[in-house]
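Below is one structure, written out as structure tokens; comments come after it.
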Amino acid sequence: MDLLEYQAKELFREMGIPVLPSQRIDHPKDLKGLKIPYPVVLKSQVRAGGRGRAGGIKFVANTIDAVAAAQNIFHLPINTEYPEVLLAEAKYDTDREFYLAVVLDRAARRPLLLGSRQGGTSTELAMEQMQQVVVDEGFSPFYARRLTLKMGCTGPLIEAVSDIVEKMYLLFVEKDLDLVEINPLGISPVGEVMALDGKVTVNDEALGRHPSLLQLLPKTQPDEGLLAGSGSEVMAVPSELNFVELDGNIGLLCNGAGLTMATLDLVYAAGGKPANFVNIGGECRWDLTPELLCDRIKLGLALVSQKKNVKVVLVNLLGGLCSCTQAVKAIADYQKQSQRETATGNPQTQVKVIVRLYGSEIDQAREILQAVEVTVVENLDEAIALSVSLATNG
Amino acid sequence: MNFTPDTKVLIQGITDVIGSTHAALMKAYGTNVVAGISPGCGGQTVQEIPVFDMVEQALRQVGPVDVTVIFVKPYAVLDAALEAIAAGIRQIIIITEGMPPLDMVKLVRKAEATDTLVLGPNTPGIIVPGKVLLGIHKSDFYTPGSVGLISRSGTLTYEIALQLTQAKLGQSIAIGIGSDAILGSSFAQWLQILDEDDHTEAIVLVGEIGGSSEEEAAHYIAAAIDKPVVAYVAGHHAPKGKRLGHAGDIMAARLSTGKTFNIVGADPDTAQSKIQAFKAAKIPVASSPAEIPNLVKKVLKQKKK
């Protein structure tokens with residue numbers, strides 16, 4: 001999850017990376033109490049890129065211009081995102097603009113320092129001239145100097161830029177970040193350096209041990225949040241469930257990302273169109289219990305079958321944590337409840353549920369599920385074929 | 001690497017939720033679990049396995065162990081693994097999902113310096129069918145035989161093991177390398193191990209979208225692996241950019257230049273790139289799990305000629 005520029009700069013300031021005097025603007029009238037001398041730059045605080053080109057960054061010379069520009073920016077969506085706050089910042093006279101970043105290199109399994117002498121908005125040039133240094137062992141400032149030399153820095157600029165890189169690295173490690181980026185790093189005519197724009201991406205898995213970062217994030221993440229139910233009720237989707245809406249008529253429920261992907265591929269290959277899918281999660285979560293897994297099966301079934309165009313739900317669950325019988329009972333419970341609800345409405349809308357199961361308890365499972373009109377199929381390809389044909393031919 | 005019923009196994013996090021469940025399943029499969037670790041629970045037993053507060057205490061009691069299987073909560077994994085290394089254990093399997101990537105970077109550095117083999121995190125572990133279970137594989141889908149299985153997935157691996165078993169193709173070993181973003185060991189390392197394993201005649205490699213480990217594996221197979229390999233890649237129709245559940249299939253840091261550096265998002269196009277890499281290395285690619293057994297039979301027949 002990306003932080004906003006002003007939040008990233010707050011972290012920079014704490015770390016001793018030079019940033020310009022700035023002020024957070026929650027409302028255009030805040031500009032009347034501006035403590036930074038004009039001219040200032042007003043910047044839309046959104047997570048989307050390309051703010052400058054979209055008109056989200058404006059230079060202003062006095063309060064009247066500033067209020068007008070702020071009203072304008074607050075009402076300007078950037079890639080559909082409206083800013084909640086603006087950043088008013090002092091203007092800086094740059095001679096050159098560099099690019100700097102710290103990321104994780106998955107293949108090397110090490111942090112990677114990136115730097116280019118072509119920063120700013122000339123992103124293609126920046127990439128062409130991008131230099132890399134892998135931080136192979138524990139960090140020492142020479143890694144940063146190695147980067148600045150590769151970038152072609154000479155004289156006092158070597159120490160000035162590598163000092164910034166070192167502080168970026170320390171921030172990266174201290175806060176468990178996925179990315180620390182400064183673009184551009186302004187270089188003044190006298191060789192002073194200044195972080196003019198910054199991006200920080202936090203690591204979702206490490207957030208639990210950084211409450212100060214957690215506070216900075218919006219309460220609901222864009223991909224999750226609330227989902228409208230079939231009626232007027234609203235269903236909350238926990239973040240552990242990977243639920244994705246598509247536009248076909250077959251709902252899929254699987255456990256594990258790989259199995260979900262493979263099942264999705266097979267449905268498409270058989271000529272079917274998934275309406276959505278939910279991955280109720282793999283089995284490696286340390287706090288996963290059979291009861292939790294069964295709850296997720298029920299919630300997952302509710303999620304995938306709620307849309308009107310869903311005709312068939314295919315359940316493909318494999319694993320050792322909860323027994324076949326436990327999983328089957330969860331499915332039967334859900335089915336009984338949904339049959340009761342349908343009985344009061346239109347019975348024609350009942351979604352057909354196909355369960356792909358395999359194991360020693362299959363006969364017992366079949367019996368339990370037959371009673372609630374759920375079909376059990378042992379072979380995966382047969383389960384897919386049956387689901388696709390039921391969805392196509394009714 | 002030679003895992004047998006005699007292999008002495010430690011379980012770290014044996015009183016944690018999935019640790020205790022799977023300790024029982026591992027023991028029932030015949031795995032020689034000699035001790036469990038759970039700070040504060042020393043002196044107890046779980047499934048007749050003695051529990052200790054620290055690894056070094058356990059080893060004083062039961063002697064050196066060959067491998068430790070870690071089930072502790074994500075933020076405690078690095079410490080548990082470092083404790084195992086400090087006690088002299090050189091094979092570590094991390095089942096836990098969601099370990100912070102920078103913790104894994106630290107562990108990888110330590111593992112390289114001490115010549116420790118780390119599997120995972122977020123892995124079902126290893127199963128040598130009929131002999132030993134080191135992790136959480138759904139063991140009744142497996143049967144002893146000569147096909148080595150290496151995968152990035154958990155439950156999808158069980159699916160493929162089942163299809164092999166039903167086609168009368170038993171497995172010599174199955175390894176999940178893990179599904180998190182930063183892994184302790186690569187496809188290449190395990191391909192090398194299986195290439196040297198006397199019980200393995202053919203290898204099935206199960207990949208998925210995201211990252212570039214399949215491409216690296218394809219190059220490595222072409223350069224260094226003598227045994228026949230069959231590949232399968234899941235995720236052709238995964239919706240672009242959506243999180244599917246593996247930290248490895250989606251990552252993460254998008255630079256302001258518009259690039260993701262050495263990091264590919266949940267991008268179905270990567271399935272095609274991976275398949276092309278396998279084809280360029282003359283490795284047959286199955287289009288579905290059901291096709292894998294046929295391709296394995298074919299490569300085994302060619303090998304005998």
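Observations, loosely collected:
- Per-residue HN-Hα couplings for the range A:294-299 [Karplus 6.51, -1.76, 1.60; θ = phi - 60°; Hz; x = Gly/Pro]: 5, 4, 5, 4, 5, 5
- Coarse-grained scattering of the range A:53-161 at q = 0.11, 0.14 Å⁻¹, given as base-10 log I(q)/I(0) from a Debye sum over alpha-carbon atoms: -0.56, -0.78
- FRET E, pair A:V190, A:E124, Förster distance 30 Å, beta-carbon r, rounded to 0.05: 0.55
- Percent carbon-and-sulfur accessible area, the range B:83-166, ignoring ligands, DNA and RNA, probe 1.4 Å: 45 percent
- Each listed q (0.09, 0.12, 0.17 Å⁻¹) maps to a log10 I(q)/I(0) for the range B:133-244, found by the Debye formula over equal Cα scatterers with no solvent: -0.22, -0.40, -0.81.
- Neighbours of A:I73, meaning other residues whose beta-carbon lies under 10 angstrom from its beta-carbon, give a summed charge of +3 when Lys and Arg score +1 and Asp and Glu score -1.
- A:K311 - accessible surface, heavy atoms, 1.4 Å probe, Å² rounded to 10: 90 Å²
- Share, in percent, of DSSP beta bridges within the range B:33-159 that are antiparallel, nearest 5: 45 percent
- For the range B:142-226, averaging the sequence separation of C-alpha pairs within contact (under 8 Å, six or more residues apart) and dividing by the residue count gives a relative contact order of 38 percent.
- Of all DSSP-defined beta bridges confined to chain A, some 75% are antiparallel rather than parallel.
- In the complete set of protein chains, residue-level accessible area for A:E378 is approximately 80 Å², probe 1.4 angstrom.
- Computed over the range A:123-227, Cα set: Rg, Dmax in Å: 16.6, 57
- Helix-only [θ]222 nm of the protein assembly as shown, DSSP H runs n ≥ 4, -39500 (n - 2.57) each, per residue, nearest 500: -10500 deg cm²/dmol
- With eigenvalues of the C-alpha gyration tensor scaled by 5 and rooted, chain B, Å: 32, 24, 16
- Largest-first principal axis extents, alpha carbons of the range B:79-124, Å: 25, 21, 15
- Gyration tensor over alpha-carbon atoms, the range A:296-394, equivalent ellipsoid semi-axes in Å: 21, 16, 12
- Build a GNM of chain A with springs between Cα atoms under 10 Å apart, and of A:P211, A:P28, A:P274 the one that fluctuates most is A:P211.
- The range B:177-204 versus the range A:54-70: alpha-carbon centroid distance in Å: 58 Å
- For the range B:79-196: Kirkwood Rh in Å [reciprocal of mean 1/r, alpha carbons]: 14.6 Å
- Rounded D (µm²/s) - the protein assembly as shown, Kirkwood Rh over Cα pairs, Stokes-Einstein at 25 °C, 0.890 mPa s: 90 µm²/s
- Neighbourhood net charge (13 Å Cβ-Cβ; Lys/Arg +1, Asp/Glu -1) for A:S338: +1
- Furthest towards positive pole of dipole, A:V161, A:V267, A:V190, structure part the protein assembly as shown, Cβ charges: A:V267
- The calculated pair-distance distribution of the range A:150-198 uses every alpha carbon pair, bins of 10 angstrom beginning at 0, and gives 24, 53, 22, 2 percent.
- Accessible area in square angstrom per residue, the protein assembly as shown, 1.4 angstrom probe: 40 Å²
- The local environment of A:E84, defined by Cβ-Cβ distances under 12 Å, has a net charge of 0 under the rule Lys, Arg +1 and Asp, Glu -1.
- Relative contact order (%) - criterion: Cα under 8 Å, at least six apart; region: chain A: 12 percent
- In this structure, B:K303 and A:E14 have a Cβ-Cβ separation that, at R0 = 56 Å, corresponds to a calculated FRET efficiency of about 0.35.
- Just so you know, the Rg over Rh for the range B:144-193 is 1.00, from Cα atoms, with Rh as the Kirkwood radius.
- In the A-B interface, the accessible area buried, summed over both sides, Å² (probe 1.4 Å): 6000 Å²
- Kirkwood radius and radius of gyration were both taken over the C-alpha atoms of the range A:1-82, and their ratio Rg/Rh is 0.96.
- Among B:H22, B:H199, A:H75, the order of accessible area from largest down is A:H75, B:H199, B:H22, computed with a 1.4 Å probe on protein heavy atoms.
- Cα centroid separation, the range A:310-366 to the range A:243-302 (Å): 13 Å
- Label separation (A:I158 vs B:A113): 2.8 nm, computed from points 7 Å beyond Cα along the C-beta direction.
- Taking all protein chains together, A:K150, B:K298 sort by accessible area into B:K298, A:K150, largest first [probe 1.4 Å].
- Here the protein assembly as shown carries DSSP beta bridges of which approximately 50% are antiparallel, counting only pairs with both residues inside.
- Per-selection Rg to Rh, chain A - Cα, Kirkwood hydrodynamic radius: 1.10
- Cut-off 19 Å (backbone N to label point 7 Å along Cα→Cβ of B:E196), residues of the range B:104-123: B:111-120
- By accessible area with a 1.4 Å probe, ligands and nucleic acids excluded, highest first: order of A:E205, A:E367: A:E367, A:E205
- Accessible surface of A:K298 - all protein chains present, 1.4 Å probe, nearest 10 Å²: 70 Å²
- The range B:22-54-the range A:132-159 distance, computed between alpha-carbon centres (Å): 48 Å
- The mean sequence separation of alpha-carbon pairs under 8 Å and at least six residues apart, normalised by the residue count of the range B:38-134, gives a relative contact order of 22 percent.
- Cβ-Cβ FRET estimate between A:T344 and B:K240, R0 fixed at 35 Å, reported to 0.05: 0.30
- Spacing of the two label points (7 Å from each Cα toward its C-beta) at B:A224 and A:L214, in nm: 4.2 nm
The values are calculated or read from the model by the stated rules, or taken from the named source; none is laboratory data. Because the structure is predicted, anything quoted here is derived from the model rather than measured. Cβ: placed from backbone, ideal geometry, glycine included. Neighbour counts: every protein chain shown. What goes into the accessible areas is simple: the full protein's heavy atoms, side chains included, and nothing from ligands, DNA or RNA. Shrake-Rupley method; radii C 1.70, N 1.55, O 1.52, S 1.80 Å.
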